[in-house]
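Quick notes on the structure that follows.
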Amino acid sequence: KGLMTLRDSHLYSDVANVTSLGTIDIPSEKLDLTVSAQVARVAPIDIAVTGTFEKPATKAQLGKFIQNIFKKP
């Protein structure tokens, strides 16, 4: 029916890690994803990606990022 589910899409490298999960409704061109990006050893930031293919919207979800900054090593 054109609904694509991402369960574990990822890019791992020496300098950054990017993962994504969620759904993409291809017929209606709607996005409902969470992308997590981590550069070097900086705490990861989750970004909600919603909207449509033509007009995607992003919103950083800083809760996890802030928690990791103050977490003791």
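The values are calculated or read from the model by the stated rules, or taken from the named source; none is laboratory data. Keep in mind that this is a model prediction, so the values were computed, not measured. When the accessible area is computed, the model is the full protein with side chains, heavy atoms only, and any ligands, DNA or RNA have been set aside. Shrake-Rupley method; radii C 1.70, N 1.55, O 1.52, S 1.80 Å.
A few comments on the model shown:
- Within the full protein context, the accessible area of Thr52 is estimated at about 50 Å² for a probe radius of 1.4 Å.
- Expressed as a whole percent, the accessible area of region 1-63 that falls on carbon and sulfur atoms is 58 (1.4 Å probe).
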